[in-house]
1. Scan region A:210-231 and tell me whether some residue there is hydrophobic (A, V, I, L, M, F, W, C) and free of Cβ contacts under 8 Å to residues at least 24 places away in the same chain.
2. (1) within 14 Å of chain D (Cβ to nearest Cβ); (2) within 20 Å of C:Arg300 (Cβ to Cβ): which one isn't true of E:Val161, the others all being true?
3. Quick check on this structure: which one of B:Leu53, B:Leu80, B:Leu65 is crowded, with 22+ Cβ neighbours inside 10 Å, more than 12 Å from chain C (Cβ to nearest Cβ), in contact (Cβ under 8 Å) with a residue 60 or more places away in the chain and more than 13 Å from ligand 4 (Cβ to nearest atom)?
4. Of all residues in region B:217-236, how many are within 13 Å of chain A (Cβ to nearest Cβ) and within 25 Å of B:Gln183 (Cβ to Cβ)?
5. Looking for something crowded, with 24+ Cβ neighbours inside 10 Å, within 13 Å of chain D (Cβ to nearest Cβ) and in contact (Cβ under 8 Å) with a residue 12 or more places away in the chain - is there at least one such residue anywhere in region C:101-120?
6. In region A:23-50, which residue that is within 13 Å of chain C (Cβ to nearest Cβ) and in a loop (DSSP other than H, G, I, E, B) is farthest from ligand 4 (Cβ to nearest atom)?
7. For region B:154-162, does any single residue satisfy the condition of being within 29 Å of B:Val35 (Cα to Cα), crowded, with 21+ Cβ neighbours inside 10 Å and away from chain C (no Cβ under 12 Å)?
8. Any idea how many residues of region E:137-164 are within 17 Å of E:Phe48 (Cβ to Cβ) and not aliphatic (A, V, I, L, M)?
Amino acid sequence: METQAPLIEIRNLVKHFGSVIALSGVSLSVHRGEVMCLLGDNGAGKSTLIKTLAGVHRPTSGDFLVEGKPVTFTSPRDALDAGIATVYQDLAMIPLMSVTRNFFMGREPVKGFWPFRNVDFDHCDAVTREEMQKIGIDVRDPHQAVGTLSGGERQCVAIARAVYFGAKVLILDEPTSALGVAQTSMVLKYIHQVRQKGLGVIFITHNVRHAYAVGDRFTVLNRGKTLGTYAKDEIQIEELQNLMAGGKELQAVSEELGGMV
Amino acid sequence: METQAPLIEIRNLVKHFGSVIALSGVSLSVHRGEVMCLLGDNGAGKSTLIKTLAGVHRPTSGDFLVEGKPVTFTSPRDALDAGIATVYQDLAMIPLMSVTRNFFMGREPVKGFWPFRNVDFDHCDAVTREEMQKIGIDVRDPHQAVGTLSGGERQCVAIARAVYFGAKVLILDEPTSALGVAQTSMVLKYIHQVRQKGLGVIFITHNVRHAYAVGDRFTVLNRGKTLGTYAKDEIQIEELQNLMAGGKELQAVSEELGGMV
Amino acid sequence: MVNTTQPTADLSSAPVIEKIQDERLKEVSLLTKIMRRPELGALAGLALVTIFFLSTADSSMFSLAGVMNILSPAAQLGILAIAAALLMIGGEFDLSIGSMVAFTGLVFGCFITLTGWPLLLAIAATFVVAAILGGVNGQIVIRTRLPSFIVTLAFLFILRGLSLVGLKWATGGSTQMRGIGAQSGEDWVREIFSGTALEGLFGWLAAHDLIAKFPNGTPTVTGVPVSILWFIGFALVATWLLLRTRAGNWIFAAGGDANAARNSGVPVDRVKTGLFMLTACAAALVAILTVLDAGSTDARRGFQKEFEAIIAAVIGGCLLTGGYGSAIGAFFGAIIFGMVSIGLTYTRFDSDWFQVFLGAMLLLAVLFNNFIRRKVTGER
Amino acid sequence: MVNTTQPTADLSSAPVIEKIQDERLKEVSLLTKIMRRPELGALAGLALVTIFFLSTADSSMFSLAGVMNILSPAAQLGILAIAAALLMIGGEFDLSIGSMVAFTGLVFGCFITLTGWPLLLAIAATFVVAAILGGVNGQIVIRTRLPSFIVTLAFLFILRGLSLVGLKWATGGSTQMRGIGAQSGEDWVREIFSGTALEGLFGWLAAHDLIAKFPNGTPTVTGVPVSILWFIGFALVATWLLLRTRAGNWIFAAGGDANAARNSGVPVDRVKTGLFMLTACAAALVAILTVLDAGSTDARRGFQKEFEAIIAAVIGGCLLTGGYGSAIGAFFGAIIFGMVSIGLTYTRFDSDWFQVFLGAMLLLAVLFNNFIRRKVTGER
Amino acid sequence: AAQQQGGRIIVVTHGQANDPFWSVVKNGVAEAGKDMNVQVDYRAPETFDMVAMSQLIDAAVNQKPAGLVVSIPDASALTASIQKAVAAGIPVISMNSGSDVSKKLGAMLHVGQDEVEAGRIAGAKLKEMGGKTGICVNQEVGNVSLDLRCKGFSEGFGGKVTVLPVSNDPTDIRAKVKAALAADGSIDTILALGAGTAGEPSVAAVKDAGKTGNVRVATFDMSAGFLKSVADGEAVFAIDQQQYLQGYLPVAFLALNAKYGLMPGGNVPSGPNLITKEKAGQVIELSAKGIR
Ligand SMILES: Nc1ncnc2c1ncn2[C@@H]1O[C@H](COP(=O)(O)OP(=O)(O)OP(=O)(O)O)[C@@H](O)[C@H]1O
Ligand SMILES: Nc1ncnc2c1ncn2[C@@H]1O[C@H](COP(=O)(O)OP(=O)(O)OP(=O)(O)O)[C@@H](O)[C@H]1O
Ligand SMILES: [Mg+2]
Ligand SMILES: [Mg+2]
């Protein structure tokens, strides 16, 4: 075991849902201070993969090492405790609950002693407001229900939360898909900052430009299998785009529409 | 009234939700065979605007003309009957229902006479399969529940449905955000085709490249107001991008990350 | 190997129906397709309950007379349960069904005894009254956007109270109105709504010693009670409605997500109002059947039937949250409920244990139903 | 002008809480903030009901004795309603509450009369039994993933049946167990769970002619029934729990979206099991309070209380779908229900009309509650 | 006018206004109120609920009525409330149930018949008619006064008695009675605890099973339909507690007490009274009007 073991390493991960095979042997590693982009077509298994890393699903077989040590997570809580914070594609937020309550859900800071242990909501409100400000959203009232936020703002809450609690690894599943240009820039900048702090990041996106802007390495999934992993200096953006989509046909459309996709 | 009145024209549209002002005077028109891109930051009011066009919300004030005639829609059904088909950002699909049932929801073709009027589900299944094939998704079992599709596939169902039933105007609210590269190309190609058939299209997106690839005119919304409408030959892609985001700060980030956003 | 890469959203809390892509799995796929229907679990539950009683109950329970005896109460409950199931699939509850049975029974009785209308007119008028009341329920729910639970709960009390007041007014002080049967004539309309059908067939069977007879030669079962035929007929129509018609699609849509349905052009409010009216009419049908059968009505008719109807619908696989379920499931659910509640009388168990057994059997039936469904669909 | 461009998702079916961005609206914002709380509507409903009775009922209804008289049933219902509200917020139902009252009452009675344990031990043991039963309910719901509606419904029957069987066994054939009060001693434990508190104060008040007295000189109200204090205390604790603690956040999360909560690290299963245990313990508390007060228990104790508890919680603003509601709302809901049901006896209405009025008042209270909330929040 | 006559008289019982038995009581109460020219109020909890009933008595006491009439199905649970009424100086008369504790709790007298005793008399009569195996059709198991009727029946009957728990639904009752008859051929006696609810469907069930005449059906209380069956010989008798009196007399006594200070010197037994074939014809009409 080397001293600088990857933060997360999976080998030959397989995941079945009943008779459906979602992942059939995926290997991947994320190191400190690295942004690993996970790319692939709709239904390639990206979300399933990261849900397995996050403790939502249990792998059917395969090895899963965190900092070189094999782990088995039985619940998302275990993953959180191991320092893996995740922004899910479906966000994992409760629409009827306030921004603050969603922000701290599952990890509420308490004060006082046992039977009278309180959550320090004033502190929570302050943190929420501050973290949201950092990502470029001005939450005037942190008591507002998350369900009343626009899709973009909600995404920002999920990201800010994951970043705030992300101790070692930050996983982001299509965080930029609902965001406007300004917010997207902010998130990409954020990912950049997080990497500089020495965290590992797994970043899922369908936008090859977003991926190429912040990614260090790119893993492409296809039909539940790894198609390959490439360092940024090994691959051009066009090649990457073709790998993501599967090639030929796309070229035609792209040209027809002026190469703008 | 000219002979070639715009398919849809709105003037000074205002929409309040209680004390919230979502739209404060928006004007817009869509002509036959034209793709009008509706751009704007998160929360600018894009979804509210198109929901008003689609009959979901009733405008607080302002004029709404379809082919030159003033209309008031009291329900989405009225809009559908007037030939306006919409793909909502939140998709308007029932997860527990099958793909076919969702596809034809609200517009089921019936056969037979009154008390024994049946929906012709075999025909429906065939149409669904065919239309989905056209958009590049191979639905093996049209009885499968929509909730079991991936985000991207679901989006494709919604788009295929709107296109199939779209008689005059097709409204698409961020249709490409959850799609992979291949599917995105397909949708853009689709929009292109629809335009050539002479329909009007309103296309909402946060991706300036997608917008520029298919758009004829661009209307930018900001805080519930129209910031301006530009024909494709009047504006460059960089300008458009700046308009969408609101300018300066973005430049910095974009450069920092290598101008890749 | 199964080779599947079709994307599937995470839907673990709702009944997941998976997709088999490989052609080699087609047979499995067909079986799965049959077995994943919500009603199949209920059928499994019914089988379990039947086996239990076959091994513990007196053999007379499963004689022809015994089966009819189980089906009679099941039929009345079932008519309500199917209507309740449709309404639940449409995303609403009606807690006033039971009271509606009492109230429409009274209304029907009044039309017969006080106004002296012919039976057909009285029945038609009763259905009209029921439909109006159901429509009021529905309109209040739609206009105020209050949960239907609380609105129809208010009507549970109001209609129950009005039944009492009305009965006392109509009878001059009694809580029971009688003589309705005697005054309603004996024409073909009555044949449709009371007594037994297929009497000729049963008489013939008895004459040929194919079914049991009393010592005096009349068959122990003279025919199928009409309520059972109504029950079966309603179940078939409701199933056809749900699965094959436009209205059925709208019901699923309205219950699955009213907003999404509305945005897709489904007239959700009309669908829901229609369902409330249908439920009220089902209650009226039960009222007419029981009143004509018993010849009388009283203030406690239909007591807690709303509750039992919902139970039967849930046993039959309806989701309380709406958008999922089936009429045939409710059909089997009502039979399970009827069999359990009647069946214990045929066993040797001390009747004090009645409720314990009722509860345990319900739980077992539902657990088994669930177990079967999960096994078959591979859902975890 | 109001200037708001903060984005808001479409959430028209759920209580929308809008966001006011302009500083000039701060006062409105504060008012809105207070008024949008789910319990405020219930308070408005209570006001309406109070006004109704002030104008129609005997003046003695709002005398000190009258108010205590309203609060006593409200307190017993309310303890159950608050627990039911917590459970509903957590996304589950418990239909076995009413039967649990009967069963734990029997258990408690047996501990006192058969084993002769001291009161404190008997109470503790009763709570343990209740917690275990609640835990069983919860575990079945969690492990089988069946709807809690159907699981607890089975327990409704099972526990009600066991109460009957147990009572007959314990008393040698009767369905009523008497003399529990007499055997449970008169120590400080009993003071906490039965009778009245603050007797000194009321005696003093009576002595100084500040409150009404009977002809024989004793005050008409000798103190505050302890059940009312338990009720208030439980409402406060539950409110604190919901709004200020980690567990409260978890309850909202578990009910709002169990999957999302689980993914965020909330131990949803533990939270739900805990809530089921809490609900069972609340039922046990009510059982102990009523058994000590009445000195007896019977097989019908708590009949339909589960229903009333859910009604009170819904009147108090809880959503049936979970994730939204408040303990204080259930508190007011229980008082509304208690006031309506007792209040009618102070009026001149014929008791035949009781249910009609109960239903109409409930509907009115909820409609008014809804109307106020919509007016205030600008929701349409 | 009523107010001058001495305020109102409140009746609190454990039977709901829509229960056929108690609706007759209530009719008696109303009639007495009219005859004596006093205001009367009839109150009962929504289900058989002793805790709620004690609260209703408390509510009645608060209104300082001129008299209070209560039934006492559970002395332990109601003691405190009744004693409070007595302490408040309100004249109390107990009725229907509680004859044993009536005096002790301070009631002036008791009108009515003990449920156990009534059941015992019915049981003895049915035994005399040759009954060996009986069922007691109980439409509300757990309602103590109904349970006591079954208990009395089994004491008086002597033979084997099982309780058949049923709901309020006639179809359900009919099916269950039929099932019981099918499962146990030795059943020769059926006692129903309510004429309209349980009695009539029991008669129908016996008819369905082809055992009319072989199985004797009797019932507590009366309904016109059941009485008709008695007259036709399909059922043997109905036990009449003359509950109309249980409503009428206490109100009349209390009204007279308020007016002239009169009060009878002892308890008034209102029943039981077996209505057999000979008498059935005469009472059908009264029963249909809610008087018997
Ligand atoms: N809960 C589940 N039950 C059954 N199959 C599932 C489940 N979740 C995922 N799958 C399977 O996993 C495969 C991959 O789905 P996944 O959501 O991981 O795709 P994705 O790569 O995230 O797609 P997208 O880009 O559209 O989000 C699909 O083929 C689907 O059949
Ligand atoms: N149902 C509603 N109730 C109250 N306010 C609403 C409602 N729907 C929208 N709004 C308001 O409308 C404004 C615009 O929201 P909208 O959803 O139209 O934004 P959008 O431009 O579609 O944003 P995004 O790009 O994130 O989808 C928001 O400020 C919000 O406050
Ligand atoms: Mg995904
Ligand atoms: Mg939008």
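1. Yes, some residue in region A:210-231 is hydrophobic (A, V, I, L, M, F, W, C) and free of Cβ contacts under 8 Å to residues at least 24 places away in the same chain.
2. All conditions are met except number (2).
3. B:Leu53
4. The total comes to 1.
5. Yes, region C:101-120 contains at least one residue that is crowded, with 24+ Cβ neighbours inside 10 Å, within 13 Å of chain D (Cβ to nearest Cβ) and in contact (Cβ under 8 Å) with a residue 12 or more places away in the chain.
6. Restricting to residues being within 13 Å of chain C (Cβ to nearest Cβ) and in a loop (DSSP other than H, G, I, E, B), the top hit is A:Gly45.
7. Yes, because at least one residue in region B:154-162 is within 29 Å of B:Val35 (Cα to Cα), crowded, with 21+ Cβ neighbours inside 10 Å and away from chain C (no Cβ under 12 Å).
8. So the count comes out to 10.
The values are calculated or read from the model by the stated rules, or taken from the named source; none is laboratory data. Owing to the predicted nature of the structure, the values given are computational and were not obtained by experimental measurement. Cβ: placed from backbone, ideal geometry, glycine included. Neighbour counts: every protein chain shown.
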